[in-house]
Every structure is written in C-alpha cells, then in structure tokens.
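I have a structure here, written as structure tokens, and I will follow up with some questions on it.
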Amino acid sequence: MTHWQNWSGSVTCAPREIAEPRSVEELARMVATFARNRRHIRVAGSGHSFTPLVRTDDVLISMEHLSGIESVNADAGTVTVLGGTRLKLLGDALLARGLAQENLGDIDVQTITGAISTGTHGTGIRFGTLSTQIAALTLITASGEILECSPERNPEIFKAAQVSLGALGIIARVELRVVPAKRLRFVSRSEPLATCLEHLEQYKRDNDHFEFFWFPYTPSVQVKFLNETDAPASGSNIWGELNKLVLENGVFWVLSECCRIAPPLARTGSRISAWGVAPVNQVDYSHKLFATPRMVRFQEMEYNIRAEDFPRVLADIRAALDRRRFNVHFPVECRFVRGDDIWLSPAYGRDSAYIAVHMYRGMPYRDYFAAVEEVYQRYDGRPHWGKMHTLGPETLAARYPHWHDFRRVRARLDPQGVFLNDYLRHLLAADEPVPAASPAQVEQITGGETD
C-alpha cells in the first residue's frame, strides 16, 4: 500500500494500487480491466488541488508517462498534447515550435488534464479559463472505450468534459488552440488600494492581463500588468528575481513561520509583506511570466463572482476581516476572466472576477475561510473546483444551469460509478435520481440529434 498526499497536505490517502500506463491504449485496457473487476479509479496529476478529488483507497492512476506533444496542426493552429503533460514543460515545448498558449494561471506545475478538469484560469477580461482553449479531447470511459469529443463529435459530452472533475472518465489527450509565441512586458508595483479600485475598470480594459493582491489590514496592494510587446526578452532582472525568490518565497517563509508560532504577529506580517513589494519591469516569453514560483505552502479557497459585484464583495471581505481580526498575513488575490458556456465552469454565463484567500499551512484556516465564504454566498459565488469550499449538491444545482445535464452525462458514461470517490459521490449526489430532461433541454444539449 502506497501513501499519496497533495501539495498542501490537506488531502492524504493510501491507494491499494498505483498504475502507470505508458500509452493511451494501455490506459484504456487498464480501465476496462479495473471496471470489470468492480474497482474504483481516480487519477493523480500534480496534486495541486486542495479538495479531495483524487482521494481513493483503491486504484490511483498516474499520468506521469503520458506526457508531451503528439502532433502540431499548423493550418488549424492547434497542438495535440497527452493528458499528463505539465504546463511548464508544455510551455517550453511550444516555444521550441514558435507557439504558446494564449493564457495561463500563476502556477505551471499542474498537468494539462488536471488544470482543465478543475477550471483553472489566469487573468484578463479578453481571455477565458484554460478549458476554453480546448478544441477537442480524447476521453477514456468506464468501459475502456476511447471516445473522441469536440463541438462536432459527441458535443454534449465535450461540453461536460471541458470541466469534469475527473467524474466522466480519464482525459488521455487534449487538442489545444495555440497562438504564435509572444513576449510580454511584466510590470509590478505597490500602490494604494484606493488608487487601484479607482482605476480598476481602466486597468482591466487597457491591459492584456491584470491582477492585484491586497494585503490584509493595510491600505496597500501589489498590482501586476502583463502586455504583449515586440521588445526583446530582457530575461530576469535582479529586482525581479529578488522579489520572486527571496522576498516572495525565502523571506516570506521565515515570516510565515513566525506567524505560525506566534499568530498575533500576522497583522504585522501583512504590513511587512506590503512594504517589501519591489518594483519589476521585465520582458520575456509569455509562459515564463504567467507563472510565479510558489515555495511557501498554504491552504486556499477561491470563488468566482460576477465581475460587476467585485467592488462590493471585496469591501465585504475587508469588513469581515476588520470585524473578526483573523490572524492572516497572506494577501487576497484578485483576478478577472471572460465568461464562457462550459457546463461546470465557474465562469459559465458571466464575465467574472475570482477572489482567492490563503492561509499558511499549519495555521488555523477554517473560521477565516468560513467568514469569507459567507460573503461569497451573498453574491451567488461559485467555487473553484480545485480549492476548498463547503457547498453541497443542492446549492450547486441552483448555481449551475446545466448541473443536472452534467449528472445525466456522467450517469450514462459511468453508471457503476467507476470514477467516483466518496467526495464526488456526495458532491454530485450520485446516488440520487437525476431529474428527467425536458424536450427543450434535450434539444439544447444534443443540437436536435439523439442516439
């Protein structure tokens, strides 16, 4: 028996078996065999989800050997990538071919399958989540079938699989829309929160990618701007590297340990962090600038809200912190994403803001997260699927118009629950009947086509 845990240590399990397929065909044969033997399967990526999506006491499949670019279609502007490919390696491989993903999140150690299955996103109001970059995908179903899905082939399954929580099957490969390799200018600085909020709409409109971090109990934020440029790559500069590696990681780890040992120091720690923001101005290829090293481990909760509600939500979070005086020194991360039409995407049907809160690993986080989650709920918040939350199936069904459509597709593809664990069984209410679809819903889902 082997032990597995995620990056933050919030999830651990002891799978009975870890399988490591080396081809898509071998993966399909494995799944078929496990299913015939009434085994249950979960898939491990890089372990960067904070929720128990991977937890299993039976079969854990590693995608480590299913990695790399399989093919490039220059005419279509797409690449086909194996599901276990980590985003950093994908970025390097694409750059070698003069290509890039149009947008990425701020962590690049996830696998492409793990990133899209949980709705991972970057920032920029003209860009959707990573799942919107999918042109097609290959799904291994519970029967071991290798199912090709796209807007033209199995369209309802495709729309469910773009953000699937790993509940439909295993995404073995993904066809991604890509763009020519591009360089970005990264500018970061400290400024007053009031100034940032005053210019918020301008910052969102006038920059390709904009985000900011508010330091609790201070009037300060760190703003970050990324914009495409023709300027040559300047590589790393001393202040940029000092800020990323020394201040944001080394010094911040020491500060975090002090706060863990003496929690009342947290508010002072937040002020020290705000004071330590160093100005950065550098140019490099996009995938090298989207991601930021994360060496200090933490727990995280992140929710999607309507973009227009953002100022009120942030104000309510600030008020909750001022009222409850939680011992927190991690900044509050704020990003902005274009809406989409993916069934379980938190950005479904609305241009969105994402607000994430963090707590250093080893420090109490539940009361802090509960107070912030209460704010999110007042604004119909939807949780990031890879981050901590407490929502149950009834609330989720009310937040997602296609919730029961997804459940219908899942039940059809995996009636025996091969890909379910206890967490997903509860989250999806998998043991409860799925409401029948109306004729209008069937037509909307299938485009008028039936089996």
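List every residue pair whose Cβ atoms lie under 8 Å apart, where the two residues are 6 or more positions apart in sequence or sit on different chains, the first residue falls within region 14-27 and is among the acidic types (Asp, Glu), and the second residue, located anywhere, is surrounded by 13 or more Cβ atoms within 10 Å (Cβ to Cβ) and part of a strand (DSSP E or B).
Glu17/Val59; Glu17/Leu60; Glu20/Ile61; Glu20/Ser62; Glu25/Ile146
Still on this model: Give region 71-120 a look and list any residue that's touching a Pro at 6+ places or on another chain (Cβ under 8 Å) and either at pLDDT below 95 or over 11 Å from Val178 (Cβ atoms) (or both), or say none.
Residues of region 71-120 touching a Pro at 6+ places or on another chain (Cβ under 8 Å): 98-100, 119.
Passing the criteria: only Gly119.
For (1) charged (D, E, K, R); (2) at pLDDT 95 or above, each residue gets a yes or a no:
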| position | (1), (2) |
| --- | --- |
| Ala19 | no, yes |
| Ser23 | no, yes |
| Leu27 | no, yes |
| Ala35 | no, yes |
| Arg39 | yes, yes |
| Arg42 | yes, yes |
| His48 | no, no |
| Leu60 | no, yes |
| Ile69 | no, yes |
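Now a separate question. Within the set of pairs 6+ apart or on separate chains, which have a first residue in region 28-40 that is in contact (Cβ under 8 Å) with a residue 12 or more places away in the chain and more than 20 Å from Arg425 (Cα to Cα), a second that is buried (at least 19 other Cβ atoms within 10 Å of the Cβ) and hydrophobic (A, V, I, L, M, F, W, C), and C-beta atoms under 8 Å apart?
Going by the 8 Å Cβ cut-off, the qualifying pairs are Ala28/Ile140; Ala28/Ala172; Met30/Ile61.
Output the qualifying pairs, or none if there are none: Cβ atoms under 6 angstrom, residues six or more apart or on different chains, first residue in region 133-159 and on the phi > 0 side of the Ramachandran plot and at pLDDT 95 or above, second residue among the small types (Gly, Ala, Ser) and surrounded by 18 or more Cβ atoms within 10 Å (Cβ to Cβ).
Partner pairs satisfying both residue conditions: Gly144/Ala28.
Still on this model: Based on what the data block shows, is Arg22 exposed (fewer than 14 other Cβ atoms within 10 Å of the Cβ) and assigned to a loop (DSSP other than H, G, I, E, B)? Walk me through it before giving the result.
On the way: exposed (fewer than 14 other Cβ atoms within 10 Å of the Cβ): yes; assigned to a loop (DSSP other than H, G, I, E, B): yes.
Yes: the conditions hold for Arg22.
Being part of a loop (DSSP other than H, G, I, E, B) and in contact (Cβ under 8 Å) with a residue 60 or more places away in the chain is the filter here; which residues of region 368-401 pass it?
Tyr379, Asp380, Gly381, His384, Trp385, Gly386, Lys387, Met388, His389 - these are the residues of region 368-401 that are part of a loop (DSSP other than H, G, I, E, B) and in contact (Cβ under 8 Å) with a residue 60 or more places away in the chain.
Can you confirm whether region 286-296 contains a residue that is among the polar types (S, T, N, Q) and either touching a Leu at 6+ places or on another chain (Cβ under 9 Å) or under 28 Å from Glu228 (Cβ atoms) (or both)? Steps first, answer last, please.
Residues of region 286-296 that are among the polar types (S, T, N, Q), as a first pass: 286, 292.
Right, trim to either touching a Leu at 6+ places or on another chain (Cβ under 9 Å) or under 28 Å from Glu228 (Cβ atoms) (or both) and you get 286, 292.
Yes, there is a match, as at least one residue in region 286-296 is among the polar types (S, T, N, Q) and either touching a Leu at 6+ places or on another chain (Cβ under 9 Å) or under 28 Å from Glu228 (Cβ atoms) (or both).
Looking at region 364-382, which of its residues are surrounded by fewer than 21 Cβ atoms within 10 Å (Cβ to Cβ) and not acidic (Asp, Glu)?
Just the residues of region 364-382 that are surrounded by fewer than 21 Cβ atoms within 10 Å (Cβ to Cβ), to begin with: 364, 366-367, 370-371, 373-374, 377-380.
Hits for region 364-382 are Pro364, Arg366, Ala370, Ala371, Gln377, Arg378, Tyr379.
Looking at Ser190, Ser150, Ser164, which is the one that is of a type outside the set (Phe, Trp, Tyr) and over 23 Å from the mean Cα position of the chain (by Cα)?
Working: Ser150 fails: over 23 Å from the mean Cα position of the chain (by Cα); Ser164 fails: over 23 Å from the mean Cα position of the chain (by Cα).
After applying the criteria, what remains is Ser190.
Give the number of residues within region 213-250 that are modelled with pLDDT of 95 or more and surrounded by 17 or more Cβ atoms within 10 Å (Cβ to Cβ).
13
Shifting gears a bit: Which one of these is surrounded by 23 or more Cβ atoms within 10 Å (Cβ to Cβ), of a type in the set (Gly, Ala, Ser) and free of Cβ contacts under 8 Å to residues at least 40 places away in the same chain: Gly84, Gly68, Gly45? Give the steps one after another, and end with the answer.
Numbers: Gly68 fails: surrounded by 23 or more Cβ atoms within 10 Å (Cβ to Cβ); Gly45 fails: free of Cβ contacts under 8 Å to residues at least 40 places away in the same chain.
Residue meeting the stated conditions: Gly84.
Still on this structure: For region 306-338, give me the residue count where each residue is buried (at least 19 other Cβ atoms within 10 Å of the Cβ) and either within 15 Å of the chain's Cα centre (by Cα) or free of Cβ contacts under 8 Å to residues at least 12 places away in the same chain (or both).
The number of residues fulfilling the criteria is 5.
In this structure, does Ala76 turn out to be more than 18 Å from the chain's Cα centre (by Cα) and part of a loop (DSSP other than H, G, I, E, B)?
Judged against the criteria, Ala76 is a match.
Return the only residue of Gly91, Gly119, Gly105 being assigned to a helix (DSSP H, G or I) and in contact with a His (Cβ under 7 Å, 6 or more places away or on another chain).
Values: Gly119 fails: assigned to a helix (DSSP H, G or I); Gly105 fails: assigned to a helix (DSSP H, G or I).
After applying the criteria, what remains is Gly91.
Of the residues that make up region 415-424, is at least one surrounded by fewer than 17 Cβ atoms within 10 Å (Cβ to Cβ), assigned to a loop (DSSP other than H, G, I, E, B) and at negative phi?
Going through region 415-424, the residues surrounded by fewer than 17 Cβ atoms within 10 Å (Cβ to Cβ) turn out to be 415-416, 422.
Now narrow it down to the ones that are assigned to a loop (DSSP other than H, G, I, E, B): 415-416.
Those left that are additionally at negative phi: 415-416.
Among the residues of region 415-424, at least one is surrounded by fewer than 17 Cβ atoms within 10 Å (Cβ to Cβ), assigned to a loop (DSSP other than H, G, I, E, B) and at negative phi, which makes the answer yes.
Which numbered condition in (1) under 22 Å from the mean Cα position of the chain (by Cα); (2) within 30 Å of Ala371 (Cα to Cα); (3) part of a helix (DSSP H, G or I); (4) at pLDDT 95 or above is the only one that His287 fails?
(2)
Glu432 passes all but one of (1) of a type outside the set (A, V, I, L, M, F, W, C); (2) modelled with pLDDT under 95; (3) exposed (fewer than 13 other Cβ atoms within 10 Å of the Cβ); (4) in a helix (DSSP H, G or I); which number fails?
Exception for Glu432: condition (4).
Sticking with this structure for a sec: Of everything in region 27-49, what is closer than 17 Å to Thr118 by Cβ and not in a loop (DSSP other than H, G, I, E, B)? Give them in sequence order.
Step one: of region 27-49, the residues closer than 17 Å to Thr118 by Cβ are 42-49.
Scanning region 27-49 gives Arg42, Val43, Ala44.
The values are calculated or read from the model by the stated rules, or taken from the named source; none is laboratory data. Just so you know, these numbers come straight off a predicted model, no measurement behind them. Positions of Cβ are backbone-derived with ideal geometry, glycine not excepted, and every protein chain shown enters the neighbour counts.
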